[in-house]
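S.K.: Take this structure first; my questions come after.
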Amino acid sequence: MHWMHLTSSPLFNNMERYILRFILLFRGVWENLGVNFAQFKIILETKVTLDNRKPITFKKRNTGKSSSSSSIIQFILYMIIGLMFMVILILIPDRYLALSIMLLCFISMLSITLVSDFSPILLDTRDQYIIMPKPVNDRTIALSRITFIAIKLFNQVIALCLPLLIYVFFNWDIIAIFLLVVQLLLSTLVALVFVNGFYLISIKYLPIQKFKDIITYLQIGLSMIIFLAYYLGPNLIQTIVESQLTIEQLKFLWLFPSTWIASFQSLLLGDHSLQITLFSVLGIAVPLFGIYACTQLFSRGFNAKIAALASADAPLPESKVISQNLTKRPLYKKLGTKLCSSPLEEAGFSIVWLISSKTREFKQQLYPSLAYLPIYFVFLFLRTGEGLPIREKLVKLGESGLYIVMFYLSLLTILTVFQLITQSNKYKAAWIYYVTPIDRPGQFMTGVLKACLIKYVLPFNVLFLCICVPLFGISSINDLLLSSAVGGIESILIMLFLVKNYPFSKASQSSSKALVNLLILGLLGLLGYLHKVIFQYELLIWGLAVLAWILFFIMLKYLQKEDWKSLAFDDN
Amino acid sequence: MEGLSPLIRIIDLKKSYGTKEILKGINLDIFPGQVIGYIGPNGAGKSTTVKILTGLIEDFTGKVEINGIDIQKDPLSIKSQLGYVPENAELYEVLTPMEYLDFVGKLYGMEDHTIQERSLKLLSAFGLAVNANNRMDTFSKGMRQKVLLISGIIHNPQIIILDEPLSGLDANAVIFVKELISLLAKEGKTIFYCSHMMDVVEKVSDRILLISQGSIIADGTIDELKSNPNESLEHIFAKLTNTDNDALDASDIITAIQ
């Protein structure tokens, strides 16, 4: 059966089926929650079957890899994250504090997974056509959605917990291990309640369009937090260990359910203080009340709102088009007219400007990767002249030319932007490129390049200018000019050699250009290093900056004339 | 149409995918101002013909000339004379109609003020003026279809290719589009209209082409195709494509659910 190779791993499929069977054993509980059990059962069985038969992407099919290997890789990745959680338990001597931080990371990790991977399940608008016209009540639909997500989440929970459980098995007593399992289950519940509750409350009280925006920003925010945690986490733990901090000194942790749940272990160890008892009660009561609230209080009207997400019946705000006069033009149009030499170039400029601003997937992938810049900047600042006062640190940064590193680091953004710019979930809309008379694709792509540079490179340069001139003096201007010209040249080279499609014209997929990326990163690093070596020769830097800008403009002219054979329509 | 030179000339057009022959030598002359109803069962070769005419498929044998220009030699010149409305309303839905039309207009090389002026007029005419600055991801299928229709005519093309243009439109919009097709034809536009909606094809087309299994099996006005005055295009279609047994299938279904 060839199709079987195109479905998920049998191991994981069977696991999901076993979990489902286990869940369905508690018929009485479900019915008490107001669920129609027969409908609940068939909805879940169908969703699990649909999920198992979900075809893998075209590219993966071409490479002949089944998604089973990707499921296993994902499982291993989560296990590695689980190992990091385990390290928290090993390193921090105070078990209560260690568990509080570990469970906080665990809940955050699950919440991010829920928001990014399971939003399509929670907000599945197909239910509108398939389930909602049938006589199924709101609670059955809401609980079947949450339960299905929980089933899907289970594999990840197992992978995250496995290293932890192995560690505690050899180091803790049996009751503590049992308690940890309960704590992990409650933490999973907290993540589920948090994300579900957030969605349910937002959708209940916000207009549809606002709700979509909020979800987008939540996803972006959470992705940035994980990025930040990845960089700052080890330092934070090091500080906690070195300073031998306890939870009493980190009072902000009291606000998190992870701390309440973690208090069970203290209770077990004999701490029956009012605070620990209160936290333990909260640790049990809050997740359970959360589930009750999600299913009983907020689920009403949820499905109708979900339906409105996909339908046009929701009233649209009326725009003031009639009063719009020809002179009032948005910023992107003004910039496009000023910077582009033809309507075709303007088309490339405007499509990239607009879609990159409005597409959630694009922003979700790009913004977290931009978060590294301020983080690196803080790192650079902290690591330069450790122990010195701020004023001397700044002098050292200026004298050593280390700030130039930031200029070149910001250029890495271009690589990410160009990798994302051709991809879209709405790639089918790209038919328009092939039925319109695009006689000079190079011009169109030059517009694309200009939009990317103005939107994603220029702001960094302006920011650097505002920071570096007051801090390091006027001599940093030529450095910035040189690095930005290098960025421009880099962009054109990436455009010419890596961008093979029109913007937003191919299905989103993970690209495997690791080698080329490494090469570009290496080249940028080398250029940055050379720049830093010669940065004190001001005249030389000015000369190089002028030369680099001339080269950039020559290359831009070349780009406009490029025929872009790779952009041709693929009939297959 | 004697004396007139054809606007679209298709000579022995063939297209195969592997060993499967999709178009088996089509010959056609289409004249200015004609409304061609292009019908046929699924898989007959309609979409392939449209893709060739719009320049999406360049690899075929035979010859396609529009205004005397060979489509394989100068596809861009042909594309600038064509307006195309595809069957599936695929567009960048995160944009507003104004933004999308601005983008399409510029791909046709139009000037800013012309695009804006025409967009506003067309959106008003299609009843979308109040939604001109709303994102299209909140639009119904019919509203998106209207935007697609506008994007197909905004550059005032000589030839308009409509692939199921009424898909998703409400009754009033269907009447409006039918009128629009007639008016465009009166303006001298040539319309190539692909559809499964036989009643509409019958009403708007002044020439009907029926394609089946890659060949044109009927070509004429509705009156020329009728063997008796009461016959509808639906019956002609069923008869010529051998699918006149629907009633039998339908009664089987009634029996099954009883």
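The values are calculated or read from the model by the stated rules, or taken from the named source; none is laboratory data. Fair warning: this is a prediction, and the values are worked out from it, not measured in the lab. A quick note on method: Cβ atoms are made from the backbone with ideal geometry, for glycine too, and the neighbour counts reach across all protein chains shown. Quick note on the areas: whole protein, heavy atoms, side chains included, nothing else; ligands and nucleic acids left out. Shrake-Rupley method; radii C 1.70, N 1.55, O 1.52, S 1.80 Å.
S.K.: Looking at residue A:352 and the list (1) in contact with a Cys (Cβ under 8 Å, 6 or more places away or on another chain); (2) within 10 Å of chain B (Cβ to nearest Cβ), which single condition is not satisfied?
M.R.: (2)
S.K.: Follow-up. So which of B:93, B:99 ends up being of a type in the set (D, E, K, R) and buried (at least 23 other Cβ atoms within 10 Å of the Cβ)?
M.R.: Of the residues listed, the single one that is of a type in the set (D, E, K, R) and buried (at least 23 other Cβ atoms within 10 Å of the Cβ) is B:99.
S.K.: Select from the stretch B:61-86 the residues that are more than 10 Å from every other protein chain (Cβ to nearest Cβ) and under 18 Å from residue B:28 (Cα atoms) and list them in ascending order.
M.R.: Residues satisfying the conditions are B:61, B:62, B:63, B:64, B:65, B:66, B:67, B:68, B:69, B:70, B:71, B:72.
S.K.: Only one of A:276, A:291 is open to solvent by 10 Å² or more (accessible area, probe 1.4 Å), at pLDDT 70 or above and closer than 30 Å to residue A:186 by Cα. Can you tell me which?
M.R.: Exactly one of A:276, A:291 is open to solvent by 10 Å² or more (accessible area, probe 1.4 Å), at pLDDT 70 or above and closer than 30 Å to residue A:186 by Cα, namely A:291.
S.K.: Within the set of pairs 6+ apart or on separate chains, which have a first residue in the stretch A:73-101 that is free of Cβ contacts under 8 Å to residues at least 60 places away in the same chain, a second that is open to solvent by less than 50 Å² (accessible area, probe 1.4 Å), and C-beta atoms under 7 Å apart?
M.R.: Cβ pairs passing all conditions: A:98/A:88; A:98/A:89; A:98/A:92.
S.K.: Let me ask you something else. Mind listing whichever residues of the stretch B:216-230 are of a type in the set (Gly, Ala, Ser), at pLDDT 85 or above and exposed (fewer than 15 other Cβ atoms within 10 Å of the Cβ)?
M.R.: The one that is of a type in the set (Gly, Ala, Ser), at pLDDT 85 or above and exposed (fewer than 15 other Cβ atoms within 10 Å of the Cβ): B:220.
S.K.: Something else about it: With the checklist (1) among the charged types (D, E, K, R); (2) open to solvent by 50 Å² or more (accessible area, probe 1.4 Å); (3) within 16 Å of the chain's Cα centre (by Cα) in hand, flag the one item residue B:164 doesn't pass.
M.R.: (2)
S.K.: So which residues in the stretch A:86-116 are over 16 Å from residue A:230 (Cβ atoms) and either open to solvent by 50 Å² or more (accessible area, probe 1.4 Å) or in contact with a His (Cβ under 8 Å, 6 or more places away or on another chain) (or both), if there are any at all?
M.R.: A:90, A:91, A:93, A:95
S.K.: In the stretch B:126-153, which residues are within 11 Å of chain A (Cβ to nearest Cβ), part of a loop (DSSP other than H, G, I, E, B) and in contact (Cβ under 8 Å) with a residue 40 or more places away in the chain?
M.R.: If the condition is that a residue be within 11 Å of chain A (Cβ to nearest Cβ), part of a loop (DSSP other than H, G, I, E, B) and in contact (Cβ under 8 Å) with a residue 40 or more places away in the chain, then B:135, B:139 are the ones that fit.
S.K.: Report, ordered by the first and then the second residue, all pairs with beta carbons closer than 6 Å, sequence separation of six or more or different chains, a first member in the stretch A:456-483 that is open to solvent by 50 Å² or more (accessible area, probe 1.4 Å), and a second member that is part of a helix (DSSP H, G or I) and at pLDDT below 90.
M.R.: A:471/A:394
S.K.: Continuing with the same structure: Quick check on residue A:83: is it modelled with pLDDT of 55 or more, exposed (fewer than 14 other Cβ atoms within 10 Å of the Cβ) and within 30 Å of residue A:230 (Cα to Cα)?
M.R.: no
S.K.: I would also like to ask the following. Being touching a Leu at 6+ places or on another chain (Cβ under 7 Å) and open to solvent by less than 10 Å² (accessible area, probe 1.4 Å) is the filter; apply it to the stretch A:149-160 and report the residue that is nearest to residue A:19 (Cα to Cα).
M.R.: Among those residues, the one meeting the criterion is A:151.
S.K.: Do we have residue A:499 as surrounded by fewer than 23 Cβ atoms within 10 Å (Cβ to Cβ) and closer than 29 Å to residue A:542 by Cβ here?
M.R.: Criteria not met by residue A:499.
S.K.: Restricting attention to the stretch B:41-60, and to residues there that are more than 14 Å from chain A (Cβ to nearest Cβ) and at positive phi, which single residue is least open to solvent (accessible area, probe 1.4 Å)?
M.R.: Once the filter is applied, the top-ranked residue is B:45.
S.K.: Tell me which residues, restricted to the stretch B:99-111, are assigned to a helix (DSSP H, G or I) and facing chain A (nearest Cβ under 7 Å).
M.R.: Hits for the stretch B:99-111 are B:99, B:102, B:103, B:104, B:106, B:107.
S.K.: Still on this structure, I have one more. Tell me which residues, restricted to the stretch B:39-58, are in contact (Cβ under 8 Å) with a residue 40 or more places away in the chain and charged (D, E, K, R).
M.R.: Selection gives B:46 alone.
S.K.: Still on this structure, please answer the following. Taking helices (runs of 4 or more DSSP H) that do not extend beyond the stretch A:394-465, which have at least 2 residues that are modelled with pLDDT of 90 or more, touching a Leu at 6+ places or on another chain (Cβ under 6 Å) and in the same structural domain as residue A:357 (by TED's automatic domain parsing)?
M.R.: A:441-456
S.K.: Which one of B:236, B:175 is assigned to a helix (DSSP H, G or I), more than 12 Å from the chain's Cα centre (by Cα) and surrounded by 19 or more Cβ atoms within 10 Å (Cβ to Cβ)? Spell out the reasoning first.
M.R.: Numbers: B:175 fails: surrounded by 19 or more Cβ atoms within 10 Å (Cβ to Cβ).
Exactly one residue qualifies, and that residue is B:236.
S.K.: Assess whether residue B:123 counts as being open to solvent by less than 10 Å² (accessible area, probe 1.4 Å), at the interface with another protein chain (Cβ under 8 Å from one of its Cβ atoms) and in a loop (DSSP other than H, G, I, E, B).
M.R.: Spelling it out, it is not the case that residue B:123 is open to solvent by less than 10 Å² (accessible area, probe 1.4 Å), at the interface with another protein chain (Cβ under 8 Å from one of its Cβ atoms) and in a loop (DSSP other than H, G, I, E, B).
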